[in-house]
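Reading through the structure tokens given below for one structure.
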Amino acid sequence: MANVMEIYQLLPKTNCKECGKSTCMAFAVDLLARKVSVDDCPPLVNDAKYKAGYEKLSEMIAPVSGVTDTGLIVHEDKCIGCGNCVVACPVNVANDPLGAGSGKAPTSDKVIFKVEDGVVKARNVQECRRFGENRILCVACIDTCPTKAIEFV
Amino acid sequence: MSEYYVCTGCALLCDDIEVETENSKIKTVHAACRKGVARMKGCSDPLECTVDSENADIDFAIAKAAEILREAENPLIFGHGNSSSEAQKLSIGLAKKVGAYLDDTSSFCQGPVIEAILQDKLKTCTLDDIRHKADVIIFWGADPSNSHPRHLSRYSYFPRGKERQRGWEEDRTAICVDVRKSETAVICGDNRFYQIPMGGDAEFMDALLSALSSKVPKTSFGFDAKRILELANVLKKAKFGVICVGLGLIYSLEDLEPLFRLMDKLNEVSDFNLMPMVGQYNMRGFNHNLYEEAGYINRVKFNSETADAEHGPDFSVVEALRNKTVDAALVIGSDPLSSLPLSVSRYLAEIPLITIDPCRNLTSSKAKVTIPCALGGVESGGTAVRMDGVEVELKKILDTENLPDAEILRKITEAI
């Protein structure tokens, strides 16, 4: 997953403010959080000398469609439906120990991940450990994904 | 939607699949991986019933197929990996009747390992044993994340089992030995990934053997001896270990001796089992059925009069085609023109060729007779043997006009 410094390095770093942000670093932070898109930086789009940076950033920052409340994105084009996240997710295990927790298809409606048509679908995201008052930085689904199809923004 | 079906996408035969159907088509598949979904949703390009590239009715095509097999002196019957056990048994019967060369994909796949398992030369276990007990899992020359996407999540690494209640985080160690950093290697982590040069498997096994005997391991490719010793320590401490053998390992070994030596040593110092990573859903079933019938797992030629089987490398599909010793071929649920080198498989286009398959493929495009059959596990039921040797019952999900492959083979046998 991209970090803010990596993104910043690819920006023009001129603090031109054309995007409406006060600095390029502020733009990088918003870009990481998917609040703005790569195309919102006019020099990056229009100036030929930033072309390489633009292309790399566009690749790095995948489209924001399908972002859930916890910032969870499943890149459906990358997902192979292996179900590693379904079995590894601690919430899935707690809510469905004999189904998802034991490697089988989920048998409960309270699970966060379910594989449908060969692609993992996120639901009940309010149950995710990254959400709510006692949130923690859980990475069980990201670490176990062989194709890096799951991302938090 | 409460009934569970079996996925026939690979030899894992996942039996927890739910499907939603609409207008006699599968609309949604639950829990199956992308590979399984692609199989269960059926062909994008279904095969048509043809004789000499012209549409024909099924009875005429079957009669024509029987005629080709009857007139051939040395026909070849090949495929079987994607057929039910019932069809495979009928195919063996047909081969006996016409005195055919009989082979399947295990001939250039997991054959040697399955033969050793059936002859009790290698210790094996079931996938459920792995889920409940395994604490050290080695993926050697295998990348299940691509070949068997649910292997890690359903059985080998992530799930909790009876003796492995804490699952992958604390109770299990996954190790990958491969020539490249595969997606499975990424999951195992850099510390548990052993990258070896191509063809270096036998040498790495012997180095590991030295390390297990508390000697200094040496390899000609200069692998860090400390890391091999570290690996040997992990293996020694294993309570229930598994080596998942992939094609990468089998293609690299000239014979299985290094694997036998390593397994013997591992079973001296701890408890280790071997799991062949079989690809097609019922390839192991064919090996079992033929072993029961003829005492060999593949590469046989039947004598049409005595029904005795001869066995040897010359009767393999590759050698039979390379030496042009066959004069007609029946291919069931396989695509040798795509999977074998063209220099070998080109000969198939020169001889009368019959294909039985649900979908069009390169082989069927060169066939004299093509007979469409029902898609196994979706449009027809039957039994199949999982990669670990457990028999699984397949259920029919959809109705189809196409006959199951077993029925087609029965009719061809009767017509001869």
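With an 8 Å cut-off on Cα pairs and a minimum separation of 6 or more residues, tell me the relative contact order of segment B:1-103 in percent. Computed over segment B:1-103, the figure is 16 percent.
Using only the Cα atoms, work out Rg/Rh for the protein assembly as shown, with Rh taken as the Kirkwood radius, to two decimals. A ratio of 1.03. For the set B:Lys64/B:Lys97; B:Lys96/B:Lys396; A:Lys13/A:Lys148; B:Lys64/B:Lys324, the pairs lying more than 19 angstrom apart at their alpha carbons are B:Lys96/B:Lys396; A:Lys13/A:Lys148; B:Lys64/B:Lys324.
Summing charges over neighbours of A:Lys21, with a neighbour being any other residue whose Cβ is under 13 Å away from its Cβ, gives 0 when K and R count +1 and D and E count -1.
Potential lengthening of the chain between B:Glu54 and B:Tyr291 amounts to 81.5 nm, from the contour at 0.36 nm per residue minus the alpha-carbon distance. Can you compute the modelled spin-label distance between B:Glu305 and B:Ser338, with each label point 7 Å from Cα toward Cβ, in nm? So the label points at B:Glu305 and B:Ser338 sit 4.2 nm apart.
Across peptide B:154-167, the average count of Cβ atoms from other chains found within 10 Å of a residue's Cβ is 4.
Extending 7 Å from Cα along the Cβ direction at B:Arg261 and again at B:Asp45 yields two label points whose distance is 4.8 nm.
Remark: spin-label model distance A:Lys110-B:Ala63 equals 6.6 nm, labels positioned 7 Å along the Cα→Cβ axis. Here the Gaussian network model covers chain B, with springs between Cα atoms less than 10 Å apart; of B:Gly333, B:Gly161, B:Gly246, B:Gly161 fluctuates the most. Which shape class, rounded, prolate or oblate, goes with segment B:273-340 when its Cα gyration tensor gives a ≥ b ≥ c as root eigenvalues, a/c under 1.5 marks rounded, and past that a/b bigger than b/c marks prolate? Oblate is the answer for segment B:273-340, as a/c is 1.5 or above yet b/c matches or exceeds a/b.
Taking the square roots of 5 times each eigenvalue of the Cα gyration tensor of chain B, largest first, gives ellipsoid semi-axes of 39, 25, 17 Å. How big is the antiparallel share of DSSP beta bridges in chain B, given as a percent to the nearest 5? Around 35 percent of the beta bridges assigned by DSSP in chain B are antiparallel ones. Taking R0 as 35 Å, what's the FRET efficiency between A:Asp40 and A:Glu133 from their Cβ-Cβ distance, rounded to 0.05? That pair, A:Asp40 with A:Glu133, gives E of 0.60. Evaluated with a Cβ-only charge set (Lys, Arg +1; Asp, Glu -1), segment B:9-150 carries a dipole of roughly 480 debye about its Cα centre, given to the nearest 20. Taken about its Cα centre, the protein assembly as shown carries a charge dipole of about 2060 debye when Lys and Arg each add +1 at the Cβ and Asp and Glu each add -1 at the Cβ. Quick check for you: which residues of segment B:365-380 have the amide N under 19 Å from the point 7 Å beyond the Cα of B:Glu3 toward its beta carbon? Of the residues in segment B:365-380, B:374-380 have backbone N under 19 Å from the label point off B:Glu3. The distance separating the Cα centre of segment A:136-153 from that of segment B:1-21 comes to 26 Å.
Take every Cα pair under 8 Å whose residues are at least 6 apart in sequence, average their separation, divide by the length of chain B, and the relative contact order is 26 percent.
Note on chain B: GNM, Cα springs under 10 Å; of B:Ser252, B:Ser343, B:Ser147, the largest mean-square fluctuation is that of B:Ser343. Computed from the C-alpha gyration tensor, the three semi-axes of the ellipsoid equivalent to chain A are 36, 16, 11 Å, from longest to shortest.
For chain B, the 222 nm mean residue ellipticity estimated from helices alone, with every DSSP H stretch of n ≥ 4 adding -39500 (n - 2.57) and the total spread over all residues, rounds to -10000 deg cm²/dmol. The distance separating the Cα centre of segment B:328-375 from that of segment A:73-93 comes to 38 Å.
Reported value for segment A:4-60: 65 Å³ per residue, from the convex hull of its C-alpha atoms. Rounded is the label for segment B:111-276, because the ratio a/c of its alpha-carbon gyration tensor axes (a ≥ b ≥ c) stays below 1.5. Toward the positive end of the charge dipole of the protein assembly as shown, with +1 on the Cβ of Lys and Arg and -1 on the Cβ of Asp and Glu, the farthest Cα among B:Val392, B:Ser210, B:His80 is that of B:Ser210.
Between B:Glu170 and A:Ser58, how high is the FRET efficiency from 1/(1 + (r/R0)^6) when r is the Cβ-Cβ distance and R₀ = 25 Å? Nearest 0.05. Calculated value: 0.05.
Counting only other chain Cβ atoms within 10 Å of each residue's Cβ, the peptide B:26-32 averages 5. Which of B:Leu231, B:Leu94, B:Leu342 moves the most in a Gaussian network model of chain B with Cα springs under 10 Å? Among B:Leu231, B:Leu94, B:Leu342, the largest mean-square fluctuation in the Gaussian network model of chain B belongs to B:Leu342. Return the Rg/Rh ratio of segment B:304-416 with Cα-based radii and a Kirkwood Rh. The Rg/Rh ratio comes out at 1.00. With 0.36 nm allotted per residue and the present C-alpha distance subtracted, the B:Asn233-B:Lys97 stretch has 43.5 nm of extension available. About its Cα centre, the dipole of chain B is roughly 1440 debye, where the only charges are +1 on Lys and Arg Cβ and -1 on Asp and Glu Cβ. For chain A, the 222 nm mean residue ellipticity estimated from helices alone, with every DSSP H stretch of n ≥ 4 adding -39500 (n - 2.57) and the total spread over all residues, rounds to -7000 deg cm²/dmol. The long axis of helix A:51-60 is offset from the longest Cα principal axis of chain A by roughly 10 degrees. Net charge in the neighbourhood of B:Cys125 (other residues with Cβ under 10 Å of its Cβ; Lys, Arg +1, Asp, Glu -1) is -2.
What is segment A:72-152 by shape, rounded, prolate or oblate, if you read a ≥ b ≥ c off the alpha carbon gyration tensor as root eigenvalues and call it rounded for a/c under 1.5, prolate for a/b larger than b/c, and oblate otherwise? Because a/c hits 1.5 or more and a/b fails to exceed b/c, segment A:72-152 counts as oblate.
Remark: relative contact order (segment B:148-187) = 22 percent; criterion is Cα-Cα distance under 8 angstrom and separation of 6 or more residues.
Every number in this text was worked out from the coordinates using simple rules, so none of it is lab data. Quantities reported herein were computed from a predicted structural model and do not represent experimental measurements. Virtual Cβ from ideal backbone geometry, glycine too; neighbours counted across all protein chains shown.
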